[in-house]
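Read the structure below first, then the notes.
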Amino acid sequence: MTRPDPSEKSDARAWRKPPFIANPLLRYGLLALLAGYLSWALTTLPFNWERIGEGLPRAARIFGGGFPPNFSRFDLLLTGFTESLQIAILATLLGVLLSIPFAVMAARNIAPLPIYLLGRTVIIVSRSFHPVIVAILFVAAVGFGPLAGILTLTLYSIGFVGKLLAEEIEEIDWGQVEAMRSTGAGYLATLYYAVFPQILPRQVGLSMYQLDSNLRASAVVGIVGAGGIGSTLMNAFGRYDYDFAFAILLVIIAVILISEGVSGWVRKRIW
C-alpha cells in the first residue's frame, strides 16, 4: 500500500482566489461574446489599408525631419509655453476653488436631496465632454486666445476635482461632524472645522494632479485656437517645420516631468 504524498494533500487544500464570475457558463459565454464582438468590429470598420501603407513613408519623413530638434526660435517657444503655463495655473486655481462648493453640494451625506441633485448635475455635465469639444465651443463664443483656454480647463477641473472631492466627503469620519453639532455649531462651522480638515490632504493632491493634467491639456486645446503652446505647435506642423515642432514636444515632456516631480514632493510633505 502506497502512502499518500503530503505535497498533493497540501495542493488540494491550498486556497485559490475565486473567479470574478462564479458561473462558468456565464464566464465563458461573456468571453466568447467579447471575442465575437472584437472580430465583428475589426472586420466591419472601414480601415483603408492602402492609405495606411502610403502613410508609413510619410510618417518616416516627418520623424526624419524632426531630428535634430531645432531650438533656434527659443523666444517663440518660450512665449507659447509661458502662455500655456499661465492658462494652466489660472484654470487650476479657478477650477479647484469652484469645485469645493459643488463637491459639498454633491456629497449625499451633508447635502439635502435637491441640492445634491443640482451639484451632481453640474459635475456630470462638466465631465461629459472632452476638453477639445469644450474649447471649440468657447473659441466660437469668446474668440481665439487664452480666455477660451482658461474657461475650458476651468470647467474641466470642476468636473474632475469636484467628483473626487464629493466622494471623499461621503467617506469622512462622521464622529467629528456629530461632535461639532453636539456643541451647537452651525452648518458652515461644521464644514470648516469637521469636514474640510479631513479632506485637505486629498484636495492638495488632487490640485497638484489637476495642474499636471491642465498643463498637458493646454497644449491640446491650443491646437483648436484656445491659446498656449498648442497654437505654436500647430503652426509649426502647418509650415512643415518638423524640427521646431519636435523641439516643442520635447519642452512639453520636460515640463510635465518637472511638474510630476514637484507634485510628488508636495504630496509627500502633505501626507
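Nothing in this text is a laboratory measurement; each read-out follows from the coordinates by a stated rule. The structure presented is a predicted model; accordingly, all values stated were derived computationally and were not measured. Reconstructed Cβ throughout: ideal geometry from the backbone, glycine too, with neighbour counts over all protein chains shown.
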Quiz item: Which of ASP75, ASP173, ASP243 comes first, and how do the rest follow, when ranked by fewest Cβ neighbours within 10 Å?
Solution: ASP75, ASP173, ASP243
Quiz prompt | Ellipticity estimate at 222 nm from DSSP helix runs (n ≥ 4, -39,500 (n - 2.57)) divided over the chain, nearest 500 | solution = -26000 deg cm²/dmol
Quiz item: With +1 on each Lys and Arg Cβ and -1 on each Asp and Glu Cβ, how big is the dipole of the range 3-157 about its Cα centre, in debye rounded to the nearest 20?
Solution: 580 debye
Quiz prompt | Debye intensity ratio in log₁₀ form over the Cα atoms of the range 165-271, taken at each q of 0.16, 0.19, 0.22 Å⁻¹ | solution = -0.79, -0.93, -1.07
Quiz prompt | Sorted by Cβ neighbour density within 10 Å, fewest at the top, the residues ILE89, ILE229 | solution = ILE89, ILE229
Quiz item: How would you classify the range 1-132 from its alpha-carbon gyration tensor, with a ≥ b ≥ c the square roots of the eigenvalues: rounded for a/c under 1.5, else prolate if a/b is greater than b/c, otherwise oblate?
Solution: oblate
Quiz item: For Cα Rg over 2.2 N^0.38 Å, which listed value, [x] 0.96; [y] 1.42; [z] 1.11, comes from the coordinates shown?
Solution: [y]
Quiz item: Where is the GNM fluctuation largest for the chain (alpha-carbon springs, 10 angstrom cutoff): ALA141, ALA247, ALA35?
Solution: ALA35
Quiz prompt | Net dipole in debye of the range 80-270 [+1 Lys, Arg Cβ; -1 Asp, Glu Cβ; about Cα centre; nearest 20] | solution = 160 debye
Exercise. Please work out, to two decimal places, the log10 of the ratio I(q)/I(0) at q = 0.15, 0.23, 0.26 Å⁻¹ from a Debye calculation in which every Cα of the range 79-159 carries one identical scatterer.
Key: -0.57, -1.01, -1.14
Exercise. Taking only Cα atoms and a 10 Å spring cutoff, compute GNM fluctuations for the chain and point out the largest among VAL224, VAL161, VAL142.
Key: VAL142
Practice problem: Kindly put VAL134, VAL125, VAL221 in sequence by how many other C-beta atoms sit within 10 Å of each C-beta, fewest to most. | Solution: VAL125, VAL134, VAL221
Quiz prompt | Lys/Arg +1, Asp/Glu -1 at C-beta; the range 80-270 dipole; positive extreme among ILE87, GLY261, ILE110 | solution = ILE110
